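The values are calculated or read from the model by the stated rules, or taken from the named source; none is laboratory data. A quick note: this is a predicted structure, and the numbers were derived from the prediction, not measured. Neighbour counts are summed over all protein chains in view; Cβ atoms, including those assigned to glycine, are modelled from backbone coordinates with ideal geometry. The accessibility values were calculated without ligands, DNA or RNA, using every heavy atom of the protein model including side chains. Shrake-Rupley method; radii C 1.70, N 1.55, O 1.52, S 1.80 Å.
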Amino acid sequence: MRRRCTWNIFQSIEYAGEQDQIKLYKFFSYLMDHFTPTSKERNLISHLFRENDICRDIEWERYFCYRSVDVPDTYTGPHLTFPLTFCGVSRLVEALKHKHQLHARYVLQLLGETWRLLRMLPNITHVTTNHAKEITICGDLHGHLEDLLLIFYKNGLPASERAYVFNGDYVDRGKNSLEILLILFGFLLVYPNDVHLNRGNHEDHMVNLRYGFTKEVLGKYRVHGKKILKLIHKIFSWLPLATVIDHKVLVVHGGISDTTDLDTIDKVDRHKYVSVLRPPKKHSAHNKPHVSKGRTKNAFAQDVGRKRVQSLTYCHPKAAQRQDIPRRSLDNLPRNAQCNWSGDEQLDWRRKQAGFELTSNEPNSDSDPEETDTDENQWKQVVDLLWSDPMSQNGCIPNEVRGGGCYWGPDVTEKVLSRHKLHLLIRSHECKQEGYEFCHNHKVLTIFSASNYYELCSNRGAYVRMGPDLVPHFNQYQASRACRELSLRQSVGQTENSALKALKEQLFAHKSHLISAFQDCDVNKTGMISLSQWAKATESVLNLGLPWRVLRPQLITCTQDGMVDYQEWIREFSITGPKLEIPDTSILETMYKHHSNLETIFRIIDTDHSGLISYEEFLQTWKLLSSHLRLEISDKAISDLAQSIDFNKDGSIDINEFMEAFRLVDLSSLQHTEA
């Protein structure tokens, strides 16, 4: 039971973060679609949507040319020669294993060769087995280099008689995403017929901004990092979308939906989707989109309320009648009055809140014609492949927990497999405690290869081998020796402590909302509420779908006759942050609650990737965040915050130091350590 509760905490917080990122991206898309080309807020984020501009190959070759990058004599890392050989990649693996860094010249050269190869591959790769050749399928690695090295140690390096399928999500979260890409791309170049790479939902530049890969690359390659990153994003868009083994086994990252059609997927122009989060435009490139009352309300409604955000590709049949319940915010806006506003009135209100000029009637002349002509059905097919999850009941419903793709049932699995004469679907995308899991009458297999994903000892990793009989053979492992030495009780206890710490940070970030919800339950103003009221109110604020009554013993140390002193409880789990001299404490709580969104916006605005932003850029960042969240924060409060965290008073703010300044510290844990 403790393991299950711990798992629910980690998974709920993870999916909530993904949902927040999708909502943030929808907001950016809204700005791009509805604000004029000259508006300030559109200019701040426009570069996000020009990553997939089509240019001639010769121009790309010129931009990513490695020949102008010199390798100094002092360089002691691995040297690569092209075309790559097995020995060359083996030396690269050994060097990266011992934490040597590959020089930027070789990185660009390897990436350029990979890009040229991937452009020749189809959307769906077809592979075969025979009596002398097995295929190994690996799931998410998420920057865990130690897991990849352990797989190679146990199973052997890729070879002509030892084929591999890597099923997406190579990057983000872990510390060695770039090293994993370099190794996999190296083996792909040596064995293009035996190493197969599918795209995952984290092979997406907007997702990378939030979950660490962007920061990792720019941190390791400060001079050429921007160029390397852009080339990698280009490569991501050319990764195949699926693999079919012996015409019987379908391997995709996320899953399927009731509309999945492999013939349609085979025809998709996959390279257009540098980010699959942005839906195709439904209007002409030379006409300004019509803002209807219903659509505008829906766009705003998607910015609030956990688990009520609509899936990227699915609209709930009752979505039009359902009203999303926004969380309490710092201001006291007349939301009821807004319900009667027209679309243009709501748009102008949003612009005013963000401090920008009012709507203009200028045509949206810089729309991407390629996006305008993109077929929405093809885009939906791609999103469903990368973002969907299976469910136990029949049917196909929006994946409102993640915010993208769908949940599909056993009947959909049966229908899609039968239509294409397939026997098994292998997918990844979800962390499993044992590294793998069957569902849908053993016709869907989830494989996850990053062990210790949430925390040390949280899960095992696994990979699966298949021969000509297509019978899965599983191999499980723990990459951490420390975890292997712990007993089950010690392992569960250590993981549980980490999960509870993460949950307490969530509770702290919503402290004022929790107090308001508890006070609503406390009609007699006694300061006490029942456990049932506590659980219901806590879930109404956090919307994480957790079993709060089961978690109560770990979160509430004492009760009086089954009643909770909620004010005392709030003080018990208090977490402290920096001692910044800011009179408006509400802005700090907003910072804690939305620090991931804010860091993402920072990295978007920091277009030169210097790690520094000016006061003016900082102000624009907060205006975007305030507009996204519908908060009213004065310019003076933002200015006070900027000056307070500019520790060296040089007129600019270091993004990394700023985010570290708001790191939360558990007071009870700190006191225990000092004792």
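Listing for the model above:
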item	result
Helices (runs of 4 or more DSSP H) completely within the range 182-287 that count 1 or more residues being open to solvent by 10 Å² or more (accessible area, probe 1.4 Å), in contact with a strand residue (DSSP E or B) (Cβ under 9 Å, 6 or more places away or on another chain) and not hydroxyl-bearing (Ser, Thr, Tyr)	262-265
Residue check, residue 545 of a type outside the set (A, V, I, L, M, F, W, C), more than 27 Å from the chain's Cα centre (by Cα) and modelled with pLDDT of 75 or more	no
Residue list for the range 130-143, filter: assigned to a loop (DSSP other than H, G, I, E, B) and open to solvent by less than 20 Å² (accessible area, probe 1.4 Å)	139, 141, 142, 143
The range 417-438: number of residues that are modelled with pLDDT of 95 or more and either out of contact with any strand residue (DSSP E or B) (no Cβ under 8 Å at 6 or more places or on another chain) or part of a strand (DSSP E or B) (or both)	10
Residue ID - farthest from residue 191 (Cα to Cα), chosen from residues in the range 92-126 that are touching a strand residue (DSSP E or B) at 6+ places or on another chain (Cβ under 6 Å) and buried (at least 18 other Cβ atoms within 10 Å of the Cβ)	124
Residue count, the range 66-101 (criterion: within 29 Å of residue 158 (Cα to Cα) and free of Cβ contacts under 8 Å to residues at least 24 places away in the same chain)	7
Some residue of the range 581-600 being at pLDDT 65 or above, among the polar types (S, T, N, Q) and over 31 Å from the mean Cα position of the chain (by Cα)	no
Single unsatisfied condition, residue 12 versus (1) at pLDDT below 75; (2) more than 17 Å from residue 279 (Cβ to Cβ); (3) of a type in the set (S, T, N, Q); (4) surrounded by 17 or more Cβ atoms within 10 Å (Cβ to Cβ)	(1)
Hits in the range 547-562 - residues which are open to solvent by 30 Å² or more (accessible area, probe 1.4 Å) and in a helix (DSSP H, G or I)	549, 550, 552, 553, 554
Selection within the range 495-527 - under 17 Å from residue 553 (Cα atoms) and either in contact (Cβ under 8 Å) with a residue 24 or more places away in the chain or in contact with a strand residue (DSSP E or B) (Cβ under 7 Å, 6 or more places away or on another chain) (or both)	495, 496, 498, 499, 500, 501, 502, 503, 504, 507
Residue 67 over 19 Å from residue 184 (Cβ atoms), basic (Lys, Arg) and in a loop (DSSP other than H, G, I, E, B)	yes
Some residue of the range 595-602 being outside any helix (DSSP H, G or I), touching a residue at least 12 places away in the same chain (Cβ under 8 Å) and buried (at least 21 other Cβ atoms within 10 Å of the Cβ)	no
Output for the range 375-402, where each listed residue is open to solvent by less than 10 Å² (accessible area, probe 1.4 Å), polar (S, T, N, Q) and assigned to a loop (DSSP other than H, G, I, E, B)	388, 399
Residue 169 being surrounded by 24 or more Cβ atoms within 10 Å (Cβ to Cβ), assigned to a helix (DSSP H, G or I) and touching a strand residue (DSSP E or B) at 6+ places or on another chain (Cβ under 8 Å)	no
